[in-house]
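The values are calculated or read from the model by the stated rules, or taken from the named source; none is laboratory data. Every value quoted in this text rests on a predicted model; they were computed, and no experiment measured them. Cβ: placed from backbone, ideal geometry, glycine included. Neighbour counts: every protein chain shown. For the accessible areas, the whole protein counts, side chains as well, though only heavy atoms, and no ligand, DNA or RNA atoms are used. Shrake-Rupley method; radii C 1.70, N 1.55, O 1.52, S 1.80 Å.
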Amino acid sequence: MSFHSNIDGRIWADIDLNALEHNALRVKEILGDVKHMAVIKANAYGHGALQTARRLECCGADYFAVACLSEALELRHNDIKTPILVMGYTPAEHADMLAELDITQAVFDTEYAEALSKNLSRELKIHIKVDTGMNRLGVKTAREVREIARLKHLRPEGLYTHLADADTPGGAFVSKQLEAFNSIKADLIDIKFPITHCANSGGVLYYRESLFDMARSGILLFGADGDFRPVMRLRARIAQIIDVRKGDTVSYGRTFTAGRGMKAAVVCAGYADGYLRSLSNKGVADYNGVIVPVIGRVCMDMLMLDVSDADRAKVGDSVTLFGSEKLSAARLAELAGTISYELLCAVSDRVPRFYD
């Protein structure tokens, strides 16, 4: 069943919900009795928030995390019942809407908390964010937490922080952040927070001491790298096979010159689909198990591949841009000089998603 139709037939993303479930159950196995908050912001990292939420709800997610109110509303308006945390800013005038729909709001300073409180006619669950070194959002002191917790109509359900450098084990900065968080938590022993959470995906994998009552996983669920199964496979169609002579140049700016005669495949994918322009002359694709290079600049709607070493490549065949056994999103992201998160989120709305 598709997210929207594939009438163009040029590029599409296969979304393996069974792989998603496998990854979620692996996370739950790692966490044991610790609650699991599944992070599905940014359209579930490009995978489709509603479709992934439905499957994650079925396999035991305790909480969902999104970035903004509109993402939470999409879930609530489509009958998702699991608790939802909005981790970013929501205008205070929408506070009653949050409360009415049982959406939890992150609170990160006293001024914002006061604005929410003034706009509420009913109780709103909040998670108070503590900044322990990320320097992005959060209060700095236990005193600020107390001020927020005393405000009318705000129910402080959670206390949390975000780890800035948890992607590798043994990090000294993670220890420093957890020490700061534990110090503030100890100062608030008289305030009962049903939920405390610090761990992101890196914390889940490498820092058992960061798990607390609940842990957040995002990229782990989508298996962009590591031992988790890839959920998205991005594929595109070959529109033409052309002969490129030695000395010929390819694409805008003539940044590629053929050093030999070659066969090139013109593929229906470009930066308007989310295939990053930074992969010009750097990217690769998987054609039936053969890794073939991108030649020339990536265009808005097309890119070119050297398929000289790929037997019998022909018009209408598909190539995998990432998500195969031989070409992970993480590998392609590394070639682009970025991270798999950006690669997944970049896949645009005009790319149909098909769900297995």
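If contacts are Cα pairs under 8 angstrom and at least 6 residues apart, what is the relative contact order of the chain in percent? Before the final figure, lay out each step's value.
Numbers: 796 pairs, mean separation 67.4, N = 356.
The value is 19 percent.
At 7 Å along the Cα-to-beta-carbon direction for both Ser278 and Arg312, put a label point, then send me their distance in nm to one decimal.
3.8 nm
Ala115 to Asp190: FRET efficiency via 1/(1 + (r/R0)^6), r the Cβ-Cβ distance, R0 45 Å, to the nearest 0.05?
Values: r = 26 Å, r/R0 = 0.57.
After rounding, the FRET efficiency stands at 0.95.
Count the net charge of all other residues whose Cβ sits under 9 Å from the Cβ of Arg350, scoring Lys and Arg as +1 and Asp and Glu as -1. Working shown, then result.
Details: positive: none; negative: Asp8, Asp273, Asp349.
Around Arg350, the surrounding residues sum to -3.
Note down the nm distance, to one decimal, between modelled labels 7 Å out along Cα→Cβ at Arg331 and at Ser70.
3.6 nm
Any idea of Lys314's accessible area? Nearest 10 Å², probe 1.4 Å.
110 Å²
What full-extension length gain, to one decimal in nm, is calculated for Ser348 and Asn18 as 0.36 nm per residue of separation minus the Cα-Cα distance?
Details: separation 330, 0.36 × 330 = 118.80 nm, distance 2.27 nm.
Gain on extension, Ser348 to Asn18, equals 116.5 nm.
Quick one: length gained pulling Met300 to Asp243 fully straight, 0.36 nm per residue minus the C-alpha distance?
On the way: separation 57, 0.36 × 57 = 20.52 nm, distance 2.20 nm.
Stretched out fully, the Met300 to Asp243 stretch lengthens by 18.3 nm.
Using alpha-carbon pairs under 8 Å, 6+ residues apart, how would you state the relative contact order of the stretch 236-356 in percent?
Numbers: 268 pairs, mean separation 32.3, N = 121.
Normalised by residue count, the contact order of the stretch 236-356 is 27 percent.
Rounded if a/c is under 1.5, else prolate if a/b is larger than b/c, else oblate: which is the stretch 286-337, with a ≥ b ≥ c the root eigenvalues of its Cα gyration tensor?
Working: a/c = 1.80, a/b = 1.19, b/c = 1.52.
It is oblate, given that a/c is not under 1.5 and a/b is not larger than b/c.
Run the simple label-point estimate for Asn6 and Asp96 please: 7 Å along Cα→C-beta, distance reported in nm.
Label at Asn6, label at Asp96, 4.7 nm between them.
Using θ = phi - 60° and the Karplus relation 6.51 cos²θ - 1.76 cosθ + 1.60, list the HN-Hα couplings for the stretch 163-175 in order, rounded to whole Hz, with x at every Gly or Pro.
7, 8, 8, 9, 7, 10, x, x, x, 5, 5, 4, 4
Dipole of the stretch 20-127 (Lys/Arg Cβ +1, Asp/Glu Cβ -1, origin at the Cα centre): which of Val86, Leu75, Leu98 lies farthest to the positive side?
The residue sitting most towards the positive pole is Leu75.
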